[in-house]
Amino acid sequence: MNQPPRLVVLISGAGSNLQALIEQQQAHQTFEIVGVLSNRPQVQGLTRASAANIATQVVDHTQYPTREAFDAEVAKVINTWQPDWIILAGYMRIMTPQLVQQFKGKLINIHPSLLPKYPGLRTHQKALEAGDHEHGSSVHFVTEELDGGPVIAQIKTPITAQDTEQSLVERLKTLEHRLYPQVVSWLVQGQLRLQHDNVYFNDEELSTPLIVT
Ligand code: GAR
C-alpha cells in the first residue's frame, strides 16, 4: 500500500488550525502529520499534537544568535521528518530566503486577511479601520516576500457594524478551519502546484484565488 503524503506543521501558539488538520487526518487518512515544530515552548498547539500522538519539536528562536542560525536548525528538524508538504499554521516567524528556497513549492501559509490586503500583523484591526465591508483569510504558497506569495484560496465574511477585533478573530478562525483542510486536501491529491510563482489548480493557471464557502 502506498504511504500517504507526509505533512510537517509549523506553529507558534494555540494551534486551532493544526487541530482542524488533525481532525481531517483522523477522519480521512489521506495524509499523515509526521511532525509539529513550534518556535515557542509550552504552547497549546504542542499539547494538541502530543494528544494525537504526533512527534513534536521546539526550536526556540530566542536561543539562536541570528535568524539564519535559527532557520538552519528549523530546516534540519523539518528534514529529519522527510515531509512532502510543510504547512505553516499560525507560525509567527519571518523565514529567511534560504529557508524558503529550500522548500519552495512545498510550503504554504494561512494568513488572516484577503491578500494582497494587509500583510503583516493586526489584520483585523486594519480591516476595521479601513471601513472594509468584508474580511477573510488566505492560503498562499510561501515565497521570499512576506505574505506575498501567490494566493491559492480565500474564505470571506462580511464585516458588520457590531464587529470588533475580537469578534473578527473568532469568526475568521472558525472559517479558517474550513479553508485550510480544503486546501490541504487539494494539495495532497496533487491538484495544486506552484510554477514560476503562479498557482496551477488541476493543471490550469489560476487568475484569481479559489473561493471556499
Ligand atoms: C490564524 O488566524 C492564522 O491565520 C494566523 O494566526 C492564527 C493562528 O491561530 N496567522 C498569521 O497571522 C500568520 N501571519 P491558531 O494557532 O489557533 O491556528
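The values are calculated or read from the model by the stated rules, or taken from the named source; none is laboratory data. Since we're looking at a predicted model, the values are computed, not measured. Cβ coordinates were reconstructed from backbone atoms using ideal geometry, including for glycine residues, and neighbour counts include every protein chain displayed. In case anyone asks, the SASA skips ligands and DNA or RNA and just uses the protein heavy atoms, side chains included. Shrake-Rupley method; radii C 1.70, N 1.55, O 1.52, S 1.80 Å.
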- Task: Can you check how the C-alpha radius of gyration of segment 57-96 compares to 2.2 N^0.38 Å, as a plain ratio?
- Result: 1.16
- Spatial extent of segment 132-213: Rg and Dmax, with the Cα atoms as the point set, Å: 13.9, 42
- Item | Alpha-carbon Debye profile of the chain, log10 I(q)/I(0) at 0.07, 0.10, 0.15, 0.17 Å⁻¹ | -0.20, -0.42, -0.97, -1.25
- Sequence-distant or interchain residues sharing an amide H contact under 5 Å with Leu88, placed H: which? Leu10, Ile108, Asn109, Ile110
- Item | In Hz, Karplus ³J(HN,Hα) per residue of segment 43-48 (6.51, -1.76, 1.60; θ = phi - 60°; x = Gly, Pro) | 8, 4, x, 5, 4, 4
- Task: Can you tell me which of 177-183, 124-130 comes out highest on packing, and rank the rest after it, using the mean Cβ neighbours within 10 Å?
- Result: 177-183, 124-130
- Message: Under 5 Å between amide hydrogens, which residues at least 5 positions from Val199 or on another chain qualify, with H placed 1.01 Å from N in the peptide plane?
- Response: Leu206
- Message: How many angstrom lie between the Cα centre of segment 22-78 and the Cα centre of segment 194-212?
- Response: 28 Å
- Item | Nearby aspartates and glutamates by direct alpha-carbon distance to Lys76 (threshold 13 angstrom, same-chain neighbours under 8 apart not counted) | Glu68
- Roughly what % antiparallel, to the nearest 5, for the DSSP beta bridges in the chain? 50 percent
- Got a number for the accessible area of Thr143? Probe 1.4 Å, square angstrom, nearest 10. 20 Å²
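Find the lysine pairs in segment 89-196 meeting two conditions, Cα atoms under 18 Å apart and a separation of 8 or more places or different chains, and report how many there are.
Working: Lys117/Lys126; Lys117/Lys156; Lys117/Lys173; Lys126/Lys156; Lys126/Lys173; Lys156/Lys173.
Taking segment 89-196 as the scope, the lysine pair count is 6.
Counting only helical runs of four or more DSSP H residues, what would the 222 nm mean residue ellipticity of the chain come to if each run contributes -39,500 (n - 2.57) and the total is spread over all its residues?
On the way: 6 runs with 73 residues, N = 213.
Only helices count here, giving -10500 deg cm²/dmol.
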- Task: Calculate one ³J(HN,Hα) per residue across segment 60-73 by plugging θ = phi - 60° into the Karplus curve 6.51 cos²θ - 1.76 cosθ + 1.60, and present them in order as whole Hz with x for glycine and proline.
- Result: 7, 4, 6, 9, 10, x, 9, 4, 5, 5, 4, 5, 4, 5
- Message: What distance in nm separates the two pseudo spin-label positions at Asp197 and Gln3, each 7 Å out from Cα along the beta-carbon direction?
- Response: 3.4 nm
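Return the FRET efficiency for the residue pair Gln26, Ile211: r is the Cβ-Cβ distance, R0 is 35 Å, and the value is rounded to the nearest 0.05. It would help to have the intermediate numbers written out before the result.
On the way: r = 27 Å, r/R0 = 0.76.
For R0 = 35 Å, the calculated efficiency reads 0.85.
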- Item | Zone of Ile94's modelled label, taken as backbone nitrogen in segment 38-78 under 12 Å from a point 7 Å along Cα→Cβ | 67
- Probe 1.4 Å, protein heavy atoms only - accessible area per residue of the chain in square angstrom: 50 Å²
- Work out how much length Ala161 to Asn79 would gain on full extension: take 0.36 nm times their residue separation and subtract the Cα-Cα distance, in nm to one decimal. 24.8 nm
- Message: Residue by residue through segment 169-179, what is 3J(HN,Hα) from phi via Karplus (6.51 cos²θ - 1.76 cosθ + 1.60, θ = phi - 60°)? Round to whole Hz and write x for glycine and proline.
- Response: 4, 5, 5, 5, 4, 4, 5, 4, 6, 8, 5
- Under 14 Å, Cβ to Cβ, from Gly131 - net charge with Lys/Arg +1 and Asp/Glu -1: -2
